[in-house]
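Presented below is the structure to which this report refers.
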Amino acid sequence: MFKKIDTALLLRFPLLWNTKLPYMILIGLLFHVLAFLTGFWFQDFGKDLHNKDFYFYTNRDLATVGIGIIGCIIVLVWFMFYIRHNAFKSFYPKKTNDLFKEWLFVLIMLSFFTMAFFTVKYGGRYAAMNVFSQEELKKNAEIAYKGRLLLLNDGNSKEIQQVVPQKDQPDSMTYTANNDVFEYKGRLFPWKSMIANHDFEIYYSGSDLDSLYTDQVRMLYYKSDSVQIKKTLDEYFSLLKEHHLKTNISTSLWFKYFYNEPSFVSEVYIDDRSGYAAADPSDEFYDTKQFYVDSYILKDYYGKIINSRKSKIFDDEQLLVLVYLALSLSTVIIAFRVSTLQQWVISLITVLLLVVLNAGLLGLTGDYFTDFKNFLIALFAELLIFLLLVFVAKNRKNLSAIALNVLVLGFPFVFLCSAAAFYKVFIDLRDRELEIPYRQLEFYSHNSFLRDAAIVNFMIIFIVLLFLLRLIRNRKALPGN
């Protein structure tokens with residue numbers, strides 16, 4: 001059965017047979033299934049957090065690296081079979097656009113395999129959605145956040161208020177801050193009060209639940225609601241125990257050292273053993289009694305689950321990086337396909353040397369405008385030189401073949417680098433003219449510009465490579481001319 005299909009591909013669809021594209025698509029589907037299962041199985045959402053590292057996504061990143069290595073091995077095996085039947089080193093007929101189609105098939109295959117990165121992410125997100133039910137996750141996340149907020153007590157976790165413009169300069173951008181008191185709903189508390197506690201790290205990305213939970217905890221102090229505080233702390237310590245996290249403080253000890261009405265000021269310090277404590281305890285307290293709690297890891301655990309459940313799988317920047325990785329590999333492979341080993345190696349070394357040379361020009365003088373101007377001049381000079389070598393030295397086949405390979409390998413990044421340089425120079429000139437020392441936001445941001453430039457560049461690449469690959473095919477004087 002397989003032999004019949006293989007023979008039919010050879011006779012009717014020689015390009016598909018030559019590139020092994022149908023077989024690689026089937027293998028790629030199995031590879032994506034493996035990537036999903038790997039992302040699902042090697043996830044970081046186990047409930048036992050006793051030995052959890054502060055770097056959360058260890059398993060996911062190791063799984064991604066593992067899938068990448070497996071993918072590289074598969075592509076390497078495919079490459080060994082691919083070069084066994086080289087139509088450019090035999091009397092196999094080639095039509096005018098067949099080389100371009102062959103490159104396109106290679107690009108599709110490589111792009112399909114690189115997309116497994118997103119399949120691993122999807123497996124991880126699916127795992128995050130199955131750890132807790134929506135109701136249980138919301139309840140535990142709220143407890144984890146509020147419990148940590150009740151236990152914070154250092155200078156770097158206090159919110160600084162009363163930031164007001166100077167009275168004698170109403171239009172000034174200069175502000176003064178008073179960190180002696182903290183005002184909440186019309187009442188003044190000492191700045192060291194527990195009511196001023198604030199966790200500055202964003203918990204839920206794209207959500208206002210951080211502010212909501214902070215305000216609800218402050219209301220407990222404001223109303224002196226010891227019953228609800230006790231309930232929250234009991235639930236929090238129970239949650240710590242469920243995740244095998246440690247603490248040597250209890251609800252009764254907390255009320256003894258921290259619940260000091262009406263100011264709620266305490267000089268006692270609670271250490272976070274994960275290393276995220278913001279300040280050191282005083283020497284006197286440190287020598288007599290030290291409280292600790294694994295609060296950051298617990299809060300971070302639930303925050304990561306919530307963010308993973310709603311995170312976007314396909315990121316524009318990551319997608320473009322993977323596509324351009326596949327594009328680069330496809331040009332390297334197609335250059336090897338049509339060259340001798342010596343020509344191919346010289347072409348690669350030449351491209352790498354040009355990359356190093358042009359990168360060095362970007363930091364040569366330290367002036368953005370001058371460096372990018374020199375970079376653009378060098379880039380277009382190199383492009384012109386290699387085009388001249390292709391057409392002027394066409395009788396010297398070895399030299400023109402190397403020049404063609406350099407253009408095939410390097411041109412995909414010429415327009416993109418030029419666009420980025422022009423954009424940088426334009427911004428630099430505009431800022432010099434307007435004398436803007438710092439620019440916080442751009443209406444058309446750097447990332448948006450590079451994304452759009454990469455998309456336009458991709459369309460230009462297809463047109464240019466169609467021309468270059470047709471030129472290579474014709475110069476090989478293959479049967480079918």
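The values are calculated or read from the model by the stated rules, or taken from the named source; none is laboratory data. Remember, it's a predicted structure, so these values are computed and weren't measured experimentally. Neighbour counts run over all protein chains shown; Cβ positions are idealised from the backbone, glycine included. Protein only, heavy atoms only, side chains kept; ligands, DNA and RNA dropped before computing areas. Shrake-Rupley method; radii C 1.70, N 1.55, O 1.52, S 1.80 Å.
Determine which residues of the range 1-33 fall in the zone a paramagnetic label at ILE74 would reach in this model, i.e. backbone nitrogen under 11 Å from the point 7 Å along Cα→Cβ. Under 11 Å, as judged by backbone N against the label point of ILE74, lie 24-33 of the range 1-33. If you sort ASP294, ASP367 by accessible surface, 1.4 Å probe, largest first, the order is ASP367, ASP294. Share of carbon and sulfur in the accessible area of the range 1-45 stands at 81%, probe radius 1.4 Å. Each of LEU30 and VAL181 was given a label point 7 Å from its Cα along the Cα-to-Cβ line. The distance between the two points is 7.4 nm.
If R0 equals 56 Å, the separation of the Cβ atoms of LYS4 and VAL321 corresponds to a calculated FRET efficiency of about 0.85. Here the calculated FRET efficiency for ARG12 and MET459, from their Cβ-Cβ distance with R0 = 22 Å, stands at 0.10, rounded to the nearest 0.05. Distance between the 7 Å Cα→Cβ label points at THR58 and PHE467: 5.4 nm. The alpha carbons of the range 297-337 occupy a box of 54, 19, 11 Å along the principal axes, longest dimension given first. Spin-label model, LEU364/MET129: points 7 Å from Cα along the beta carbon direction are separated by 5.4 nm. The H on the amide N of TYR292, modeled in the peptide plane, is under 5 Å from the matching H of ASN248, ILE249, ASP271, each at least 5 residues off or on a different chain.
The length gained on full extension between LEU399 and GLN216, counted as 0.36 nm times the residue separation minus their Cα-Cα distance, comes to 58.5 nm.
Taking a ≥ b ≥ c as the square roots of the eigenvalues of the Cα gyration tensor of the range 110-162, is the shape rounded (a/c under 1.5), prolate (a/b larger than b/c) or oblate? Judged from the Cα gyration tensor, the range 110-162 comes out oblate (a/c at least 1.5, b/c at or above a/b).
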